[in-house]
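The values are calculated or read from the model by the stated rules, or taken from the named source; none is laboratory data. In this text, all values refer to a predicted model and were calculated from it rather than measured experimentally. Here the Cβ positions follow ideal geometry from the backbone for every residue, glycine too, while neighbour counts run over all protein chains shown. With ligands, DNA and RNA removed, areas are computed over all heavy atoms of the protein, side chains included. Shrake-Rupley method; radii C 1.70, N 1.55, O 1.52, S 1.80 Å.
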Amino acid sequence: MVAGIKSVKIHYILLIWMVAVSSAVSQELAFSVPATQDDAELAKAIVSLAKQVISVQLPASTEQQWLEAFRVQLVAGDLTDAQLALQKVDELYQPSLPVRFNAMLTPDKIYVQALLEQSQTGTPLNECIEYAFKVMFDKLSNKEALDAAYWLWAPLPRLRNRMLETLNKHSAGSRIDIANAIELIQQYELYVEYQQLLVVVDQLVSQDEQRRYDIQEDALIPTDDGQLLSAIIVRDKMIASPAPAALYFTIYSKPVSNLHEAESAAAHGYVGVVVDARGKRLGTGEPHPWSSEAHDTYSAIDWISKQTWSNGKVGMYGGSYSGFAQWAVVKHVHPALKTIVPWSAVNPAWTLPMQNNVFINANYAWPFYVAHNKYLDESVYADNKR
């Protein structure tokens with residue numbers, strides 16, 4: 001019965017958003033850019049604009065138009081209609097997008113549910129977000145949770161700047177057309193949504209990961225010449241028996257993304273192991289790209305194959321430098337290495353630092369980027385004047 005009522009309500013919203021299409025497209029709305037651009041003044045101006053947009057009832061038939069309707073309704077405070085519009089977006093997206101991209105609505109679903117909970121109970125928004133997150137993620141498989149968590153981050157300063165750039169385009173007048181109004185409202189809604197979500201979601205995602213996985217971020221693997229390689233190891237808590245390991249060997253020491261890499265392998269039934277190249281992160285020695293990968297990957301495979309959580313089978317994968325590391329290890333194949341899956345592998349003197357005897361300027365900064373410190377030297381790599 002409830003599902004039937006929701007279906008009728010969705011179709012009703014569709015009809016009212018399709019009224020007066022021709023007049024809505026050309027109509028202009030009253031709007032003046034606030035004198036100050038603090039969040040409180042922006043909220044007043046854009047909420048008022050969203051209510052005007054709703055009053056002219058835009059058309060909605062495609063997923064993009066329903067998504068626009070969702071964001072406008074959310075800003076205007078029509079939370080129930082916004083949630084129904086989002087359900088329509090979800091229905092239209094399902095058959096057309098890969099599974100991973102269907103998770104892109106995760107932040108929207110959590111946020112609108114949290115706002116509804118807050119409006120009904122008066123509970124602080126952060127607590128409502130936490131509750132909505134847990135309700136959703138408790139139902140997700142490891143792979144689904146990994147895909148959903150991917151969409152729970154956004155570059156907040158960039159979202160705000162983009163919204164302000166659009167806003168300032170209309171600073172000279174006192175009117176704005178429907179298309180530009182919707183664009184501005186959508187950008188504002190995304191900024192506000194992530195502004196609220198980012199306060200709590202990192203901790204929530206971390207707690208969810210701890211619930212699903214055994215995570216060791218400080219593993220040290222000995223090499224045959226006395227050095228130590230830093231590693232991240234992730235195992236699915238629901239898998240009690242020894243499992244094959246998926247090894248990703250990298251010189252790009254980025255703890256957050258490398259943890260995600262290991263979790264991705266664990267979500268697919270492997271023990272996820274990300275090993276940093278010699279001299280990187282927690283490892284010993286000095287980083288020297290291309291010089292010790294053959295020996296160090298062999299040592300990593302040997303160590304992995306002897307752990308109690310390993311069934312003695314190791315596969316390697318990855319592109320670029322990680323692809324090179326796989327071709328390096330097959331110079332001396334370890335018995336536990338069962339497969340390699342390299343793509344776009346690079347190798348010195350062919351693609352780095354030159355190709356066909358032509359020096360590639362874009363790669364000049366690469367040795368400094370990966371070998372200046374234990375992680376990555378972003379300041380050098382981003383300096384285009386060097």
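Simple spin-label estimate for Thr308 and Val358 gives 5.7 nm between the two label positions (7 Å along the Cα-to-Cβ direction from each Cα). Considering only Leu97, Leu167, Leu198, the Gaussian network model of the chain with Cα springs below 10 Å gives its largest mean-square fluctuation to Leu97. For segment 119-209, the set of trypsin sites (Lys or Arg not before Pro) satisfying both a DSSP loop assignment and a count of at most 10 other C-beta atoms within 10 Å is given as Lys139. Extents of segment 128-270, largest first, come to 71, 38, 21 Å (Cα atoms, principal axes, whole angstrom). The Kirkwood hydrodynamic radius of segment 292-386, based on inverse pair distances between different Cα atoms, is 15.1 Å. For Met354, the residues whose amide H sits under 5 Å from its own are Ala349, Ile360, ignoring neighbours fewer than 5 places away on the same chain, with H placed 1.01 Å from N. Note on segment 256-347: Rg/Rh from Cα positions, Kirkwood definition for Rh, rounded to two decimals, is 0.94. Taking Lys254, Lys331, Lys385 and ordering them by how much accessible surface each has at a 1.4 Å probe, largest first, produces Lys385, Lys331, Lys254. Normalised by residue count, segment 63-133 yields a Cα convex hull volume of 75 Å³ per residue. Each peptide among 369-379, 82-92 gets the average number of other Cβ atoms lying within 10 Å of its residues, and from highest to lowest they stand as 82-92, 369-379.
Expressed as a fraction of 2.2 N^0.38 Å, the C-alpha radius of gyration for the chain is 1.22.
Counting only protein heavy atoms and a 1.4 Å probe, segment 298-386 has 58 square angstrom of accessible area per residue. The residues packed around Ala243, meaning those with a beta-carbon under 14 Å from its beta-carbon, carry a net charge of +2 if Lys and Arg are +1 and Asp and Glu are -1.
Here the Gaussian network model covers the chain, with springs between Cα atoms less than 10 Å apart; of Asn356, Asn311, Asn126, Asn356 fluctuates the most.
Among complete DSSP H helices in the chain, those whose alpha-carbon atoms stretch at least 20 Å along the helix's long axis and whose mean Kyte-Doolittle hydropathy reaches 1.0 are 2-16. Relative contact order, whole percent, for segment 67-206 stands at 30, derived from Cα pairs under 8 Å and 6 or more residues apart. Under the simplified labelling scheme, the Asp39-Phe101 pair shows an inter-label distance of 3.2 nm, with each label point 7 Å from Cα along Cα→Cβ. Average projection, convex hull of the Cα set of segment 100-149: 3.2 square nanometres. For the set Lys280/Lys331; Lys44/Lys109; Lys306/Lys374; Lys109/Lys280; Lys88/Lys143, the pairs lying more than 30 angstrom apart at their alpha carbons are Lys109/Lys280.
A straight line joining the Cα centroids of segment 270-304 and segment 107-169 runs 37 Å. Taking segment 210-251, how much of its Cα-Cα pair set, in percent, is spaced more than 13 angstrom apart? Summing the P(r) tail past 13 Å for segment 210-251 gives 64 percent. Contact order for the chain, expressed relative to its length and based on alpha carbon pairs under 8 Å spaced 6+ residues apart, stands at 12 percent.
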